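Trainee: Take a look at the following structure, please.
The values are calculated or read from the model by the stated rules, or taken from the named source; none is laboratory data. Since the model is a prediction, treat every value here as computed from it, not as a measurement. Note: ideal-geometry Cβ built from the backbone for every residue, glycine included; neighbour counts use all protein chains shown. Side chains included, ligands, DNA and RNA excluded: accessible areas come from the protein's heavy atoms. Shrake-Rupley method; radii C 1.70, N 1.55, O 1.52, S 1.80 Å.
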Amino acid sequence: MSQIMNVLITGVGGQGTLLASRIIAQVAVDLGYDVKVTEVHGMAQRGGSVVSEVRYGEKVYSPTIPKGQADVLLAFEKLEAARWLDYLKPDGIVIINDERVDPLPVMSGKVKYPEDIIDRISQLKPKTTVADATQTAIECGNVKAANVVLVGILSKVIGLPPEKVEEAIRKLVPPKALEVNLAAFRRGVDWSVHQ
Amino acid sequence: MKRLMIGNEAIARGAYEAGASVATAYPGTPSTEIVSNMARYQDVYAEWAPNEKVALEVGIGASIGGARTLVAMKHVGINVAADPLYTVAYTGVNGGLVIVSADDPGMHSSQNEQDNRGYGQFAKLPVIEPSDSQEAKDFTSLAFDISEEFDTPVMLRVTTRLSHSQTLVEEGEPGERVLKEYKKDAPKYVMLPGYARGRHVEVEKRMVKLAEYAENTPLNRIEWGDRRLGIITSGVAYQYVREALPDVSVLKLGLVNPLPKDLITSFADQVERLVVVEELEPVIEQQIKAWGIDVEGKELFTLLGEYSPEMIAQRLAGAEPATSSQLDIPPRPPLLCPGCPHRGVFYTLRRMRVTVMGDIGCYTLGALSPLEAMDACVCMGASIGMAMGMEKARGEEFAAKMVAVIGDSTFVHSGITPLIDTVYNQGTSTVLILDNDTTAMTGHQDHPATGVTIKKSPTKKLDIEALVRAVGIDNVRVVDPLKLDELEAAIREELERREPSVIIAKRACALIDPTPITSTLFVDEELCNGCKACIRIGCTGIFFNDDEKKAAINPNTCVSCGMCVQVCKFDAIKVVEG
């Protein structure tokens, strides 16, 4: 079981987690691995908590990542990092986009957004890094490319060859959004180099 | 060259490679992408049917007519189609007929988690269960051959985790679309009692032959390993078993009805301990127990929700559960989208404190906080009939404070006949048809009242207003659900009337028709007194700033639909044009 790379991508419905998981999966396919991706459609996509699971290796059986076995958790939103934290290995890596999307109980003022959530995650998982992908994407020309900034960071962390990731981005992103997304990806790759 | 495909796309590919030329469905998560993928093949006739019963009937006609035909639906759709299903089991087929049941263990997007393998036993149909996308493609192709060889419809049973997981598929060549000869054969296809008795004999003979086939079919296979534990499993549960217990012996069943008695008996004899792992009912287990074979199943595994590799490792290999970090964080339930026309309806119904008989769609979210404006929701089309029953039980006075709420696609699916019942049996219901011009929840499929087919070509558009008048509703009006005053006045007037009424709340889904945003909203902090009336509409476009004790607009999500502007009694939410 240990020879499989398990990547959990979490966020809020509508944040673009699907494209991120598709890029990672495509790179793994191009590298010749067995790959499985699973995500749940339907009601959860209406602003609810969403998760994509990407697994690759020589032979992958379960499409879902067993609890406690994810190598990397890539969270598009801070609470959604905390929500799925138990799926991570004890020494797993957490990459968190420094983005806050209030869920309904917070929006309505019933409960407070846990401001210290990143500190609490970092205490439990020492290999936690935080990135402001939203700001980086704006600098690249489109806030929507935040997901590809995060793909850049992730691909560096799990050791995917950048040229292969760029190839996958070219396959999966519409031509008119390509330049912005490639720039966003490169910023993501550079970001993790300097941390 | 292998490529990633969700299970649903692979099923469509398998049908295409097998030469299927007709595909029909009513959309329903997790089945929707099967027939939407079939529609991409130019030489396949694909359609969205008004409901699953019609889809299957179209499928039966196409099969009798000689075409290989794929019919797809979610698990509860099979209930709608059950009437033709049980009897097409008697008629058998001409062109191969494969019926996909996409079940939803865990109820990711459904009202129950019934296990439709039970239909196989009940309706006497072969049931095939793949465990990944490659098998979904290959088994679908094989299902067409089985259908024609044994003269039977075949049920392909999948689950959400197969339908929506992407795994690698090696594509084959597209098969030829062969139309078999049609010959009139009333004793086979006209199911009146005299003929049906003859067909029942054929059904029972066929099940015996299929049971023989089950012993040697490539759909079933044994993977020998450590013989101290033997697992019998099917579907995605097989993948979980292999993940959790790589060394044990496994009998993987791809044909789960009828079961191969000799193969199972022989496997049982060669392992020390026999366990069935199946999602979700003990369908395989009970048959094995009935044969007197010592087997464990639901003593170990739950009848509730999706399975996982870790669950299997804990029950059968003594694995410890992963540690919990005990982070107490707020939940994130799904919400109606910013600008959603349904929000205005449920906000108004909540304000009016009426009883709401609800239905299936995005608008079922109106039951959840903060709108909480729904009393009951059972199945597609049930709202109107339930309102009628409520009225007959509790009287007209009660009905004057009650509405039925149903979406446009759901109304066409199965809301018309209960409306006829209301007229015929003199109910006084007020029915709100929430017409957002699409089937939104499943991903924006067209339907008869959108005037567009699955292949995006224009067609005759069903006129809902004329339809409800034609069934005898004299009080019909159309309102914009985001004009709250007009909507409330309309509901009040129709509730007072001691006659049945239909209010069509008409506005396109905010996701398919994003009205160009020509204005932006902001909260005037001088005027906002922090009453939270705007927060109670449950929109991600506006939130409560707890430090300032004021409402604030989230410019990233707000689409300026203006609903919060209308609910603010202090005119604190302002519109800036341009």
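Trainee: B:Ala317: open to solvent by less than 20 Å² (accessible area, probe 1.4 Å), more than 28 Å from the chain's Cα centre (by Cα) and within 14 Å of chain A (Cβ to nearest Cβ), yes or no? Show your work before the answer.
Mentor: Values: open to solvent by less than 20 Å² (accessible area, probe 1.4 Å): no; more than 28 Å from the chain's Cα centre (by Cα): yes; within 14 Å of chain A (Cβ to nearest Cβ): yes.
Here the answer is no, as B:Ala317 does not meet what is asked.
Trainee: I'd like to verify a number: residues in the stretch B:531-552 that are in a loop (DSSP other than H, G, I, E, B), more than 21 Å from B:Thr348 (Cα to Cα) and out of contact with any Asp or Glu (no Cβ under 8 Å at 6 or more places or on another chain), how many? Outline the logic, then answer.
Mentor: First pass over the stretch B:531-552, keeping only residues in a loop (DSSP other than H, G, I, E, B): B:531-534, B:538-541, B:546-549.
If we keep only those that are more than 21 Å from B:Thr348 (Cα to Cα) too, we end up with B:546-549.
Of the ones still in play, those that are also out of contact with any Asp or Glu (no Cβ under 8 Å at 6 or more places or on another chain) are B:546-547, B:549.
Residues meeting the conditions: 3.
Trainee: A further question on this structure: Among (1) surrounded by fewer than 19 Cβ atoms within 10 Å (Cβ to Cβ); (2) of a type in the set (Phe, Trp, Tyr); (3) closer than 25 Å to B:Thr24 by Cα, which single condition is B:Tyr424 missing?
Mentor: (3)
Trainee: Which of the residues that make up the stretch B:242-253 are away from every other protein chain (no Cβ under 14 Å) and surrounded by fewer than 22 Cβ atoms within 10 Å (Cβ to Cβ)? Write out each step before concluding.
Mentor: Quick first cut of the stretch B:242-253, residues away from every other protein chain (no Cβ under 14 Å) only: B:249, B:251, B:253.
Hit for the stretch B:242-253 is B:Ser249, nothing else.
Trainee: Would you check which residues across the stretch B:361-406 are within 14 Å of another protein chain (Cβ to nearest Cβ) and in contact with a helix residue (DSSP H, G or I) (Cβ under 6 Å, 6 or more places away or on another chain) and list them?
Mentor: Looking only at the stretch B:361-406, we keep the residues that are within 14 Å of another protein chain (Cβ to nearest Cβ), and these are B:361-372, B:377.
Those that are within 14 Å of another protein chain (Cβ to nearest Cβ) and in contact with a helix residue (DSSP H, G or I) (Cβ under 6 Å, 6 or more places away or on another chain): B:Gly361, B:Tyr363, B:Gly366, B:Pro370, B:Leu371, B:Cys377.
Trainee: Answer yes or no: is there a residue in the stretch B:424-436 that is closer than 20 Å to B:Ser383 by Cα and within 14 Å of chain A (Cβ to nearest Cβ).
Mentor: Let us first name the residues in the stretch B:424-436 that are closer than 20 Å to B:Ser383 by Cα, namely B:424-436.
The next check asks that each one be within 14 Å of chain A (Cβ to nearest Cβ); those that pass are B:436.
Taking every residue of the stretch B:424-436 in turn, at least one turns out to be closer than 20 Å to B:Ser383 by Cα and within 14 Å of chain A (Cβ to nearest Cβ).
Trainee: Right, something else. It is to be established whether one or more residues within the stretch A:93-100 are without any contact (Cβ under 8 Å) to a residue 24 or more places away in the chain and either open to solvent by 30 Å² or more (accessible area, probe 1.4 Å) or over 30 Å from B:Ile542 (Cα atoms) (or both).
Mentor: yes
Trainee: Kindly list the number of the only condition in (1) small (Gly, Ala, Ser); (2) free of Cβ contacts under 8 Å to residues at least 40 places away in the same chain; (3) touching a helix residue (DSSP H, G or I) at 6+ places or on another chain (Cβ under 6 Å) that fails for B:Ala55.
Mentor: Unmet for B:Ala55, out of (1) small (Gly, Ala, Ser); (2) free of Cβ contacts under 8 Å to residues at least 40 places away in the same chain; (3) touching a helix residue (DSSP H, G or I) at 6+ places or on another chain (Cβ under 6 Å): (3).
Trainee: Taking A:Val40 as meeting all but one of (1) more than 27 Å from B:Gly28 (Cα to Cα); (2) at the interface with another protein chain (Cβ under 7 Å from one of its Cβ atoms), write down the number of the exception.
Mentor: (1)
Trainee: Still on this structure: If you check every pair at least six apart or on different chains, which have Cβ atoms under 8 Å apart with a residue in the stretch B:534-563 that is more than 9 Å from chain A (Cβ to nearest Cβ) first and a residue that is crowded, with 17+ Cβ neighbours inside 10 Å and among the hydroxyl-bearing types (Ser, Thr, Tyr) second?
Mentor: So the pair list comes out as B:Ile537/B:Tyr347; B:Gly541/B:Thr557; B:Met563/B:Tyr347.
Trainee: Another question about this same structure. Considering only residues that are of a type in the set (Gly, Ala, Ser), open to solvent by less than 50 Å² (accessible area, probe 1.4 Å) and away from chain B (no Cβ under 14 Å), which ones fall in the stretch A:146-169? Step through it out loud before you land on a result.
Mentor: To start, the set of residues in the stretch A:146-169 that are of a type in the set (Gly, Ala, Ser) comprises A:146, A:152, A:155, A:159, A:168.
With open to solvent by less than 50 Å² (accessible area, probe 1.4 Å) added as a condition, the list becomes A:146, A:152, A:155, A:168.
Residues satisfying the conditions are A:Gly152, A:Ser155.
Trainee: Given the condition touching a residue at least 12 places away in the same chain (Cβ under 8 Å) and assigned to a strand (DSSP E or B), answer yes or no: does some residue in the stretch A:12-24 qualify? It would help to see each step written out before you state the result.
Mentor: Let us first name the residues in the stretch A:12-24 that are touching a residue at least 12 places away in the same chain (Cβ under 8 Å), namely A:12-24.
Adding the requirement that they be assigned to a strand (DSSP E or B) leaves A:12.
Yes: one or more hits.
Trainee: Take the stretch B:324-351 and flag every residue that is over 28 Å from the mean Cα position of the chain (by Cα) and at the interface with chain A (Cβ under 7 Å from one of its Cβ atoms).
Mentor: If the condition is that a residue be over 28 Å from the mean Cα position of the chain (by Cα) and at the interface with chain A (Cβ under 7 Å from one of its Cβ atoms), then B:Ser324, B:Ser325, B:Leu327, B:Ile329, B:Pro330 are the ones that fit.
Trainee: Here are the criteria: (1) in contact (Cβ under 8 Å) with a residue 24 or more places away in the chain; (2) in a loop (DSSP other than H, G, I, E, B); (3) not acidic (Asp, Glu). Tell me which single one B:Val356 does not satisfy.
Mentor: Of (1) in contact (Cβ under 8 Å) with a residue 24 or more places away in the chain; (2) in a loop (DSSP other than H, G, I, E, B); (3) not acidic (Asp, Glu), only one is false for B:Val356: (2).
Trainee: Mind checking which residues of the stretch B:139-168 are surrounded by 24 or more Cβ atoms within 10 Å (Cβ to Cβ), among the hydrophobic types (A, V, I, L, M, F, W, C) and within 12 Å of chain A (Cβ to nearest Cβ)?
Mentor: B:Leu162
Trainee: Given the criteria surrounded by fewer than 22 Cβ atoms within 10 Å (Cβ to Cβ), β-branched (Val, Ile, Thr), in contact with a helix residue (DSSP H, G or I) (Cβ under 7 Å, 6 or more places away or on another chain) and without any contact (Cβ under 8 Å) to a residue 12 or more places away in the chain, does A:Val143 qualify?
Mentor: In short, yes.
Trainee: Among the strands (runs of 3 or more DSSP E) confined wholly to the stretch A:44-142, which include 2 or more residues that are more than 8 Å from chain B (Cβ to nearest Cβ) and over 11 Å from A:Leu8 (Cβ atoms)?
Mentor: Details: elements: A:49-57, A:70-75, A:88-97, A:128-131.
Hits in the stretch A:44-142: A:49-57, A:88-97, A:128-131.
Trainee: Which of the residues that make up the stretch B:264-312 are assigned to a strand (DSSP E or B) and surrounded by fewer than 22 Cβ atoms within 10 Å (Cβ to Cβ)?
Mentor: The first filter runs over the stretch B:264-312 and keeps only residues assigned to a strand (DSSP E or B), leaving B:273-277, B:296.
Residues satisfying the conditions are B:Arg273, B:Glu296.
Trainee: Go through (1) of a type outside the set (D, E, K, R); (2) more than 23 Å from B:Gln445 (Cβ to Cβ); (3) more than 21 Å from the chain's Cα centre (by Cα); (4) at pLDDT 95 or above one by one and return the number of the condition B:Met374 breaks.
Mentor: Status for B:Met374: all satisfied but (3).
Trainee: Hey, any hits in the stretch B:248-259 for a residue that's over 23 Å from B:Pro218 (Cα atoms) and outside the structural domain of B:Phe122 (by TED's automatic domain parsing)? First the steps, then the outcome.
Mentor: Going residue by residue through the stretch B:248-259, those that are over 23 Å from B:Pro218 (Cα atoms) are none.
No, the stretch B:248-259 contains no residue that is over 23 Å from B:Pro218 (Cα atoms) and outside the structural domain of B:Phe122 (by TED's automatic domain parsing).
Trainee: Please go through the stretch A:112-139 and pick out each residue that is under 12 Å from B:Pro330 (Cβ atoms) and loosely packed, with under 15 Cβ neighbours inside 10 Å.
Mentor: Keep residues of the stretch A:112-139 that are under 12 Å from B:Pro330 (Cβ atoms), which gives A:112-114, A:117.
Within the stretch A:112-139, A:Lys112 is the sole residue that qualifies.
Trainee: Could you check, for the stretch B:532-540, whether at least one of its residues is of a type in the set (S, T, N, Q), out of contact with any Ser or Thr (no Cβ under 7 Å at 6 or more places or on another chain) and more than 30 Å from B:Val412 (Cα to Cα)?
Mentor: Of the stretch B:532-540, the ones of a type in the set (S, T, N, Q) are B:540.
Okay, now just the ones that are also out of contact with any Ser or Thr (no Cβ under 7 Å at 6 or more places or on another chain), so none.
Within the stretch B:532-540, none of the residues are of a type in the set (S, T, N, Q), out of contact with any Ser or Thr (no Cβ under 7 Å at 6 or more places or on another chain) and more than 30 Å from B:Val412 (Cα to Cα).
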